[in-house]
Each structure stands twice: as structure tokens, then as C-alpha cells.
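See below for the structure under consideration.
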There are 2 protein chains.
Amino acid sequence: MRKTSIKDVAKKADVSIAAVSQILNNKGQRFSDHTIEKVLQARDDLGYVPNSAARNLKGAHNRLIGIIVPSFRMPFFADIIQSMQDNAPTDVNLVFLGSTDDNLQNAIYSLVERGAQALIFGKPIPNRAEVNEFLKKRHIPYLVLDQNADINAQDMVQTNEFTGGSLVASHLLSLGHRKIALILPNKLTDNMRQRRAGFLDTLSTANLSPTTIITATLSKHGGLATVHQLIQSQSTAAFVLNDEMAIGVLRGLAYQNIKVPDDISIVGYDDTDYAEFMIPTLTTVMQPVLDIGKAALNMILRRLDHPNLPFQTAFFDVKLVVRESTGLVK
Amino acid sequence: MRKTSIKDVAKKADVSIAAVSQILNNKGQRFSDHTIEKVLQARDDLGYVPNSAARNLKGAHNRLIGIIVPSFRMPFFADIIQSMQDNAPTDVNLVFLGSTDDNLQNAIYSLVERGAQALIFGKPIPNRAEVNEFLKKRHIPYLVLDQNADINAQDMVQTNEFTGGSLVASHLLSLGHRKIALILPNKLTDNMRQRRAGFLDTLSTANLSPTTIITATLSKHGGLATVHQLIQSQSTAAFVLNDEMAIGVLRGLAYQNIKVPDDISIVGYDDTDYAEFMIPTLTTVMQPVLDIGKAALNMILRRLDHPNLPFQTAFFDVKLVVRESTGLVK
DNA sequence: TTTAAAAATGGAAGCGCTTTCAGTCAATTT
DNA sequence: AAATTGACTGAAAGCGCTTCCATTTTTAAA
């Protein structure tokens, strides 16, 4: 029940092992059509698939990139993953791992062990220094997505979160809103902090600050749970730090028979697939997710080819997408 | 710039390679505390991580399961993936691959090459016979999720799709609906076919058939695009074959100012996260996705341990979840 | 003290593959 | 007839690791 090896193919085709290897890899010496045919035939008959472990043991690795995300279920990351997969050159292998904070170490270890030559972090790294040291020691370059980090320690892909938050504030202000609530997930990542900062900053230029700041878990249910407090605050608008929660808020408000945007305007962030299908459609901030995924992959690939180039940070602009969920204050 | 290998650790700790291997793997012979300490220290100093390729070359593989899904963006599969990841024993590695029909062969090949010892297909296999032969030849067991297949060729995990469709029909009939539309994705998978069959079957017991059958791409946009036709059909209810499309339908109807469920009842299928957050909340059929993912993983693991057991099919029941989007016919 | 048994460790083979190299043999070319 | 070329083989090294077996060292029993 042993897997068929190159030896079996060689025997069956009645040629040398070297011949099989070179013919199947299409490099090395030249062989006659006849021999090539024999080898190919034998391979197919036996259903031979080279063992990549053995192959990688020798020099010519194919590139393996490990990607660590917080969850496969978050639309943002689902998009990132899909876009990376779609854009990966055929000789590049991608391995995705969902990881919580506690098993981040494990995730990294497992990826490195499997031969990942580079890592992409789609989530905050709690003990950054340690991780950095570990990876540096192994000469494994990595890239962080949408997180603050030492600009000189690794490549980064960032979106202009500060601007994003600011755009939201401007938009609401321009609609005449003065009583604006802020709804946050209870665990903020760096990029969310910037989002918040941009928002608050612009609010303050109008001498305003949020009527209330409500926190809840980052989920649709979390958003829904904030509704009671939101209503009590008598705000005329709310900035919900991400679409996922905003969807919950929308739902909760509908349960209370509060009309959006007539009674209150709602703004989300991310412009996930669902935003334009909500009722009302959701005003939100769009990040070019597909481009981000693609850029991250390209940057890390480039890093692999040129380990000594200075670290880069790619910046992506965000865009306010105005839809039905925001309107003039009454 | 070579990665540090076991040899380096051995040299640094001033012990044999064999000792390092056995100590780090905590098996084989016994070693003195002193030696163990030296080795561990050397490993940490060097940041050594064993190369799993080399390791797998020898007997003791850790188990690698390849999982092929159509897309990472579909909530159904995002859930499946997440649940598998969450339930995987630590010595089992999961590799997910998104794959279209054209590159299914590649996906399979790449997974096998990487040493996958079993495969799970979350999508239809176009050329089943060929794939089956290929995998059988390599003694790689596989499992199909929610697809029809020869019950004696591999393990399967199925949900009671026929019942699911039937439940929907009964529900609508019981609400008094007689003019019911059916909205399908234009590419049906086996399970969707069964879903449809159950639905039609139960309709026919009331001597009914759909007022209209509309097809569109499987997406929210696809669903939205069917609205015009749906309205023309003057149906009082519609069964949309999955939530994704149903969300689009809901949206489209709102644009036309058609009230759900007052003017028309809508039923989806899948009970994705979003169903209960729609406005109105969506009546749909729930599949125990998390259980399904878990079951699939367990079955294939069991198969690995017992290659000769007869093939199994796990059946999961579905449940109609009645929400706001369906109501009595006017 | 001798001796046998137990404990600690090193040596080396081998996993499947790629790659190199010297060399064989036949078919061409000069 | 000799030299050249093309097609190929066989052997061997080496990738990093595990594992079996032999050997050395220590400890305890005789």
C-alpha cells in the first residue's frame, strides 16, 4: 500500500530514475520522444504524483505563503482570502489559518514548520516583539494588514482609516447632524482606533463630541444590543464602526419602529457585500478589499525576491459610499 | 542564510543528531535532564523549527486533509471552514482551496502533491469518474458534502434537502398561498435539485405547480435581478433556493415598494447569519452547518483510521425557521 | 572488587527526490 | 576508419529528519 514513487515509474517505463525525474520536470538533459512517451504513460498508469515533501527537501522550493486571519466568517477576510487566491501565481501556494489570540503562536509555528517562506497577518499580533524576533531569526519576512506597527520592521498594507472616520463625520455634519452617537466593538484593533480618531477629530472641528459612545461585541448581535442605549441618547445619527454591527443596529431600530434615516441616520464601515442590500441601503466607507488582498500578496512576493529592499507601506484610499441610511437631520 | 537545521542544534548543544530528534519529539530513548536542558536551550537560541517536509519523508506523517470549496465568500462555506478548523485535532492539518470547475484538477493535484491524505469536496465534481479513479489509485479517501454520488464510492455528508424543499412548500400552502413562484440559481448543484424536487413534490400534492420559475446567478445581485419577473407573475409567495439570492429579492421588492410579507411572502434556504437580520427577517430553512463541518471532518478522519470500513453517509435534518417574511395570503 | 544490567548516547541507514557526472552505446559526420 | 554527437544509464551525494542498533558509561547487584 506504499504510494507509488519515482522508482516505480522508472521500473515500469524501463528507464532510469534520473530520466523520469528530468522528463517529468522538463529540465536537464534531452530525451527522445519515445522515452518521454514511455515515462508519461507509466506515470499515468500508476497515477504517480511526486511527493512534494521530498522535492522540497532539495533546493527548488515552490513558494509557500502563510496567511493568518481572525476568522473565515468575516466578510472582509473572506474577500481578502478570495482575492489572494485568485491572484496567486501558480507556483505560489497559500495556506490560510484562522487564529485566535491564544493560539497565534501555534499558528505561526505550524506555518513555519510547514515551510512557509513568508507570513501575512490579517490580525493584530499581541506580542509583537516576540513574534518579530522569532520570525527574524528564521529569516521569514512578514507583512501586516491594517495594523499599526513599526514601519521599519516589516512591510505593511494600510488603508487611510483616519480619513475614513473623518469622511463619516463630515458627511453627518453636512447633513446637519449635531447629536451623533458612536458605536464601537469592545475590542478595538489599531485600524479601528484610527477610524475612531479621524471621526472624533473632525467632529471636534465643529466643536462637537459624540452624544454617547456605546460598545458591544463585534457582530450583528452586538450591534443589535446597542439599540436601546442608542435610542436613549436621542441622537439623530450614529457612526457604527463596521458594517457587521451596523446591520445589527439597523435591525434593532426596525424592531423599535424607528425609521432610518428619517428618525436617525446610520453609517457603517467596510462596505461589505451586504451594505447595498440592506433596507435601507447602508451608507458606509468602502475599502478596496480586493486590491488590498492583491497588494499584500504582491508585496510579500516582492519581499521574497528582494529581502534587502527597504520596508514598504502601501496605502489605500477609502471612499464614502452614501446610500439611503443617512439623510438630512429633521 | 540557510535555515537552521537539526544538525546546527546538535552541534550547538554538543550532542548527537539522534539525541536532538528524540528529545524534541519526546519519544524514543531516555536522556538525562542535563542533556535535555542543553538541547532545549540550543533550540531556543537558534530559533530552530523542524522542517516538516523532511519529517514527513519518514514514516510518521501528521495527517493532512485537503478541503476544496467553491468560494470563501459564501457564508455557508465560511461556516463549514470555520467549524472544521475549530474542531480539528491538533495533529491534523487542514488546507483549504477555493476552486472553480476548470481548475478542480489542479486543486486536487496540488493537494495530493502536498501530501494530503484525504480530501473533502464541498463542491460538485464535474468529471466524477476520472477523479474517483485518480484518487482510488493513490488510495486517497475522499468525502463529498451535499452532493449526490455513488453511495458505494465514498463517504458522504448530506442534509435532507428534499425534506427542506418540502417543508417550504407545506409552509406556504398552509398560509393559503396558491400562486407560488420558484427562484433558482442558473447552475444547480445536486443538493439544490433535491431541494427543488421536494418543493415541487409537495406543491403537486395540492395539485399546484409554480406560477413561474425564474433563474439567475447565485448571488444577491442575481436575486435582485429576478424581481421584475417575479412581480409580473403576480405570485403571492416565492421560494428562493438560497438566502443569498433571497436577500437580493427582498431588496428588489423594497425598491418597488412591494411589502413583504403583506404583498408577497418570501422564503430562503440556508439560514445564513444574515437571515435573522433582514428587514423583514427571512423565513428560511436551517441546515446545521457547524455540525455538518464537524461531521465531515470526523468521518474522513475515521476513514483514515479504518480504510476498509464500508462507506457511510451521514444525514442531517433541516428545520424550517419561520420569521417575518412569510405571512397569510391576503 | 567484579560483573551484569540499566541508562545514556552516538552512528548510520533510509525516506523520495533532484542533480551532477562519468561513461556506454549507437548513429552520424568527417 | 576515426571522431563527433545524441540519447541515455547508473551511481552517488545530499536535502533534514527519524529510528534502529551498537556502543559507551554509569549504577547497582553479586
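Here, each number is a calculation from the coordinates, and none is a lab measurement. It should be emphasised that the depicted structure is a prediction, and the values quoted were computed from it without experimental measurement. Neighbour counts are summed over all protein chains in view; Cβ atoms, including those assigned to glycine, are modelled from backbone coordinates with ideal geometry.
Assuming a ≥ b ≥ c are the square roots of the Cα gyration tensor eigenvalues, decide whether chain A counts as rounded (a/c under 1.5), prolate (otherwise, with a/b larger than b/c) or oblate.
It is prolate, given that a/c is not under 1.5 and a/b is the larger ratio.
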(request) Would you kindly work out, in nm and rounded to one decimal, the distances from the label point of B:ASP190 to those of the same position in each other copy, ordered shortest first, with label points 7 Å along Cα-to-Cβ? (result) 4.8
(request) Would you mind counting up the charge near A:GLY164? Only other residues with Cβ under 14 Å from its Cβ, with Lys and Arg at +1 and Asp and Glu at -1. (result) -4
(message) Net charge around B:SER219, counting only other residues with Cβ within less than 11 Å of its Cβ (Lys, Arg = +1; Asp, Glu = -1)?
(response) 0
(message) Taking the number of other C-beta atoms within 10 Å as the exposure measure, put B:THR215, B:THR272, B:THR4 in order starting with the fewest.
(response) B:THR215, B:THR4, B:THR272
(message) Can you say what percent of the DSSP beta bridges in chain B, counting only those with both residues inside, are antiparallel? Round to 5.
(response) 10
(message) For a quick size check, give me the Cα extents of the protein assembly as shown along its three principal axes, largest first, whole Å.
(response) 78, 68, 50
(request) Could you tell me which of the pairs A:LYS137/B:LYS38; A:LYS58/B:LYS7; A:LYS3/B:LYS136; B:LYS136/B:LYS294 are separated by over 21 angstrom between their Cα atoms in the structure shown? (result) B:LYS136/B:LYS294
(message) Shape verdict for region A:6-57, please, from the Cα gyration tensor: rounded (a/c under 1.5), prolate (a/b greater than b/c) or oblate.
(response) oblate
(message) To test your reading of the geometry: what angle, between 0 and 90 degrees and rounded to tens, separates the Cα axis of helix A:33-46 from the longest principal axis of chain A?
(response) 60
(request) Mind checking which lysines have their Cα closer than 17 Å to the Cα of B:LYS330? Skip sequence neighbours fewer than 8 apart in that chain. (result) B:LYS179, B:LYS259
(message) Taking beta carbons within 10 Å but only from partner chains, what does the mean come to for residues A:254-261?
(response) 1
(message) Suppose you put the label 7 Å out from Cα in the Cβ direction; list, shortest first and in nm with one decimal, how far B:ASP305 is from each other copy's label.
(response) 4.8
(message) Among DSSP bridges having both ends in region A:161-287, what percentage is antiparallel? Round to the nearest 5.
(response) 0
(message) Considering only C-alpha atoms, what is the centroid distance from region B:158-225 to region B:254-330, in Å?
(response) 13
(message) Out of all DSSP beta bridges in the protein assembly as shown, what portion is antiparallel? Express it as a percent rounded to 5.
(response) 10
(request) Would you mind telling me which residue in A:LEU304, A:LEU24, A:LEU184 has the biggest mean-square fluctuation in a Gaussian network model of chain A, where springs connect alpha carbons within a distance under 10 angstrom? (result) A:LEU24
(message) Run the simple label-point estimate for A:ASP317 and B:HIS139 please: 7 Å along Cα→C-beta, distance reported in nm.
(response) 6.0
(request) Could you work out how far helix B:104-113 tilts from the main Cα principal axis of chain B, as a 0 to 90 degree angle to the nearest 10? (result) 20
(request) Starting with the highest mean, order A:110-118, A:279-287 by the number of other Cβ atoms within 10 Å, averaged over the residues of each peptide. (result) A:279-287, A:110-118
(request) Would you look at the GNM of chain A, springs on alpha carbons closer than 10 Å, and say which of A:ILE266, A:ILE258, A:ILE300 moves the most? (result) A:ILE258
(request) Find the Cα radius of gyration of region B:161-287, compare it with 2.2 N^0.38 Å by division, and give the number to two decimals. (result) 0.92
(request) Would you mind listing the distances between the A:ALA88 label point and the same position in each other copy? Use 7 Å along Cα-to-C-beta, nm, one decimal, shortest first. (result) 1.3
(message) Which log10 I(q)/I(0) values does region B:175-246 give at q = 0.15, 0.17, 0.18 Å⁻¹ under the Debye formula, counting every alpha carbon as one identical point scatterer?
(response) -0.45, -0.58, -0.65
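Considering only the other residues whose Cβ falls under 14 Å of the Cβ of A:GLN82, what net charge follows from Lys and Arg at +1 and Asp and Glu at -1?
Surrounding charge for A:GLN82 is -1.
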(request) Please work out whether region B:20-143 counts as rounded, prolate or oblate from its C-alpha gyration tensor, where a ≥ b ≥ c are the square roots of the eigenvalues and a/c under 1.5 means rounded, while otherwise a/b larger than b/c means prolate and anything else oblate? (result) prolate
(message) How would B:PHE311, A:PHE277, B:PHE239, A:PHE315 line up from fewest to most surrounding beta-carbon atoms within 10 angstrom?
(response) A:PHE315, B:PHE311, A:PHE277, B:PHE239
(request) Kindly provide the helix-only [θ] at 222 nm of chain B, computed as the sum of -39,500 (n - 2.57) over DSSP H runs of four or more divided by all residues, to the nearest 500 deg cm²/dmol? (result) -13000 deg cm²/dmol
(request) Mind pulling the angle between the C-alpha long axis of helix B:128-137 and the longest principal axis of chain B? Nearest 10 degrees, somewhere in 0 to 90. (result) 20
(message) Give me the one-decimal Kirkwood hydrodynamic radius in Å for region B:68-115, with the sum taken over alpha-carbon pairs.
(response) 11.6
